[in-house]
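In what follows, a single structure is set out as structure tokens and then discussed.
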Amino acid sequence: MVDRQVERKSDMTERSDDSLLVRREGRTFDVAGAHLVWKARAEETSHSFCFFEQTLFPGEQVPSHRHSYTEAFYVLAGTLSFVDGAGQTHRCVAGETVIASPEVSHSFFNDGPDIVRLLSIAPAAHQHFFDAIEEANDAAPFADMTHEQAMLRVGAIGAETDTRFQPTAAQGRSVR
């Protein structure tokens, strides 16, 4: 059995005398089935980009979606399956990079027995989606909803923040 608790990490950040940001850990985001640790938020990069480390436990997935900007992924540990807009599955292992071009539908899932860790790097606009999800969770926790209710809410928030989920996103693999 896999322990689904993501280690809580404090934001141990310091600035050097020459204005470098040095972060040992980052702010944790663990909402609606997404387990992230922010490594750099937009406000720390002059709103140029953001990136986070994501953990996917066996059976977890990110449903098919697209946005108007490029998103890059770097697999840190495990094997992860990415599905592109044409429906082709690409199995990626630690050390491999995946780049989703603007408006290209993409999803990914962990169908293996091990925990997967990856980095997601994108323009600052990508952070708006996660910030909106976090705000919605503060107002009415996703944990109090059925899976279907939560995914409908995530889809509605995505539509407002340039992360458009495919209509079939609620079907298929379940998010645990």
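The values are calculated or read from the model by the stated rules, or taken from the named source; none is laboratory data. Keep in mind that what you see is a predicted model, and the values were worked out from it rather than measured. With ideal geometry, Cβ positions are generated from the backbone for all residues, glycine too; neighbour counts draw on all protein chains shown. Side chains are part of the model used for accessible areas, which takes the heavy atoms of the whole protein and leaves out ligands, DNA and RNA. Shrake-Rupley method; radii C 1.70, N 1.55, O 1.52, S 1.80 Å.
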Fill in: Volume of the Cα convex hull of the stretch 35-109, divided per residue and given in Å³
94 Å³
Item to complete: Mind giving me the FRET efficiency for residue 20 and residue 88? R0 is 45 Å, r the Cβ-Cβ distance, nearest 0.05 is fine.
Response: 0.65
Response to the item:
When every protein chain stays in place and a 1.4 Å probe is rolled, 69, 74 sorted by accessible area with the largest first are 74, 69
Practice prompt. Take every Cα pair under 8 Å in the stretch 84-176 that's 6+ residues apart, average their separations, divide by the length, and report that relative contact order as a whole percent.
Written response: 22 percent
Worksheet item: Kirkwood-based Rg over Rh for the stretch 21-72 (C-alpha set), two decimals?
Response: 0.99
Practice prompt. Take the solvent-accessible surface of the protein heavy atoms, probe 1.4 Å, and return the percent of it on the stretch 87-172 that carbon and sulfur atoms account for.
Written response: 56 percent
Practice prompt. Rounded to whole Å and sorted largest first, list the principal axis extents of the Cα atoms in the stretch 90-146.
Written response: 38, 30, 18
Discussion item. Report the Cα centroid-to-centroid distance between the stretch 96-118 and the stretch 30-61 in angstrom, as an integer.
Written reply: 13 Å
Worksheet entry | Where labels lie 7 Å past Cα in the beta-carbon direction, separation of residue 111 and residue 166 in nm | 1.3 nm
Worksheet item: How many Å² of accessible area per residue for the stretch 83-123, probe 1.4 Å?
Response: 52 Å²
Item to complete: Could you work out, for the stretch 42-176, what percent of all Cα-Cα pairs fall into each 10 Å distance bin, beginning at 0 Å and stopping at the bin that holds the largest distance?
Response: 12, 41, 40, 7
